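Have a look at the structure below before the remarks.
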Amino acid sequence: MNASIDYEALFAATPSPYLVLRPDLVIVDVNDAYLRATGRSRRDLIGQHLFDAFPDNPADAAADGVQNLGASLHRALQSKQPDTMAVQKYDIPVASRPGTFEERWWSPINTPVLGPDGQVAWIIHRVEDVTEFVRSRPSGPTAGPQGKRVAMEAELYTRARELQRLNEELRQAHARERQVAVTLQEAMLHSPDLERHPNVAVRYLPAVGSLNVCGDWYDIVDLPGGSFGVAVGDVVGHGLEAAAVMGMLRSALSAAVRALQEPAKSLEVLGLYARSVDGALATTAVQAVIDNRNLQIAYSSAGHHPPVLVHSESTCELLDQATDPPLGARPEHVHRPQATVSYRPDDLLVLYTDGLIERRGEDIDVGMHRLTVGLARYARLSPDRLADALLAHLGVAGGAHDDIALIVVRL
């Protein structure tokens with residue numbers, strides 16, 4: 001039975017060299033194979049920062065082991081996925097001769113271990129010492145099957161090093177593109193009126209693997225008489241094209257609700273506009289107007305998941321009485337429905353896009369139930385804390401397969 005297995009003894013006896021790191025790269029454990037491979041003792045390593053224990057060889061002007069390993073560990077921390085490195089030249093200090101380094105070549109892989117909160121708790125750094133193989137590479141012509149095999153392995157090694165260099169250049173280019181995308185997304189989602197609403201929290205999480213530019217949006221708009229509007233929407237697709245459509249539709253809806261102050265009429269205007277915008281058809285959106293004086297919420301939905309009104313006793317009410325098809329779904333213009341619901345001070349209104357609740361292969365009712373359970377559990381938190389707790393509860397704090405927009409309003 002598993003309960004009888006001594007995992008500490010297994011780790012110590014594992015034949016491949018292993019090192020266990022904290023997220024700040026401090027060494028917390030090491031197995032016997034790693035100690036043999038490096039000629040160090042546990043006392044030398046435990047509690048040391050990895051690069052204090054194993055710095056670059058100062059006598060090698062071309063040493064890049066710290067830089068390459070550091071980049072790999074950073075990728076593992078950010079992606080929460082294993083990162084396999086090409087063969088690395090990484091000389092190590094000789095314990096018996098201070099200041100002296102020994103030439104070594106390694107084949108490393110860095111594997112993050114997640115804690116209960118979904119964050120990286122540890123990194124397992126596993127290496128294989130391939131120094132003898134690298135040193136055995138032929139320097140001249142070879143003959144016979146053995147020579148050809150060695151030559152082929154040497155060629156594979158050379159190509160692996162070149163591939164690593166090209167991959168690093170691609171990562172740097174992607175990082176630059178991602179930063180441009182983040183700046184663009186922030187500009188398009190900027191809501192000046194949000195600053196006047198400390199009782200409102202918003203969150204936007206791009207789809208995992210995207211450049212941070214997607215088709216979901218949120219908006220907060222102040223209206224005459226003390227009312228204000230909140231809206232979320234979802235353009236089909238991802239990437240720059242969907243983001244461009246999102247920006248146009250978001251601006252159009254913001255202008256419409258400022259002029260008309262009625263959710264249904266605002267969505268009618270948006271629907272007419274969407275017919276002239278390539279890529280806008282089948283967009284879903286929900287617009288709500290909160291009347292603070294009369295304690296009422298007017299809302300209308302264009303094919304979107306229903307907002308949730310969470311009452312002070314932590315019961316959840318789905319606002320699903322004014323739902324119509326997505327934008328452009330009808331060939332002729334039809335007036336959209338609008339509904340009104342009363343609320344009490346300290347209630348919560350939550351609007352969201354489908355990435356928050358939908359999961360592949362799962363019925364939507366399961367996701368809605370998970371959402372309402374989370375809202376009931378965290379209803380007494382502030383909007384900011386509730387937004388973060390809800391994302392964690394639904395398992396999407398680090399992003400999901402689809403982008404997510406979320407608005408939490410304390411009424």
Surface accessible to a 1.4 Å probe, per residue, for the residues of the range 22-86, Å²: 51
Angle, helix 65-79 long axis vs. longest principal axis of the chain, Cα atoms, 0 to 90°, nearest 10? 30
If one compares the long axis through the Cα atoms of helix 263-274 with the longest principal axis of the Cα atoms of the chain, the angle in degrees, nearest 10, works out at 60
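What 222 nm value per residue comes from the helices of the chain, counting each DSSP H run with n ≥ 4 as -39,500 (n - 2.57) and dividing by all residues, nearest 500 deg cm²/dmol?
My calculation for the chain gives -11500 deg cm²/dmol from helical runs alone.
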Roughly what angle does helix 239-260 make with the longest principal axis of the chain, taking Cα atoms, 0 to 90 degrees, to the nearest 10? 30
Please compute the net charge surrounding VAL221, taking Lys and Arg as +1 and Asp and Glu as -1 over other residues with Cβ under 14 Å from its Cβ. -3
Rounded, prolate or oblate: pick one for the range 248-362, where a ≥ b ≥ c are the square roots of the eigenvalues of its C-alpha gyration tensor, a/c under 1.5 means rounded, and failing that, prolate if a/b is larger than b/c, else oblate. oblate
Net charge near TYR204, counting Lys/Arg +1 and Asp/Glu -1 over other residues with Cβ under 10 Å of its Cβ? -2
Expressed as a percent, the accessible surface of the chain that is carbon or sulfur, using a 1.4 Å probe and the full set of protein chains, is 54
Which of HIS369, ALA298, VAL334 sits closest to the plus end of the dipole of the range 281-411, meaning its Cα is farthest towards the positive end, when Lys and Arg get +1 and Asp and Glu get -1 on the C-beta? ALA298
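Looking at the square roots a ≥ b ≥ c of the eigenvalues of the Cα gyration tensor of the range 280-320, which shape do they give, rounded for a/c under 1.5, prolate if a/b is larger than b/c, or oblate? Could you put the intermediate results ahead of the total?
Values: a/c = 4.20, a/b = 1.61, b/c = 2.60.
Because a/c hits 1.5 or more and a/b fails to exceed b/c, the range 280-320 counts as oblate.
Report relative contact order for the chain in percent, whole number only (criteria: Cα-Cα under 8 Å, sequence separation at least 6). Show your work: numbers first, answer last.
Values: 771 pairs, mean separation 47.7, N = 411.
Relative contact order here is 12 percent.
Accessible area per residue of the range 276-407 at 1.4 Å probe, in Å²? It would help to have the intermediate numbers written out before the result.
Values: 5860 Å² over 132 residues.
Result: 44 Å² per residue.
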Rounded to 0.05, the calculated FRET efficiency for the beta carbons of ARG258 and GLU313 at R₀ = 41 Å is 0.75
Other-chain or far-sequence residues with amide H under 5 Å of TYR18's (modelled H): ASN31, ALA33, TYR34
If you count, for each residue, the other Cβ atoms within 10 Å and average over each peptide, how do 363-376, 21-34 line up from highest to lowest? 21-34, 363-376
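The values are calculated or read from the model by the stated rules, or taken from the named source; none is laboratory data. Nothing here was measured: the structure is a model prediction, and the numbers come from that model. FYI the Cβ positions are ideal-geometry reconstructions off the backbone, even for glycines, and counts take in every protein chain you see. These accessible areas exclude ligands, DNA and RNA; they are computed on the full protein's heavy atoms, side chains included. Shrake-Rupley method; radii C 1.70, N 1.55, O 1.52, S 1.80 Å.
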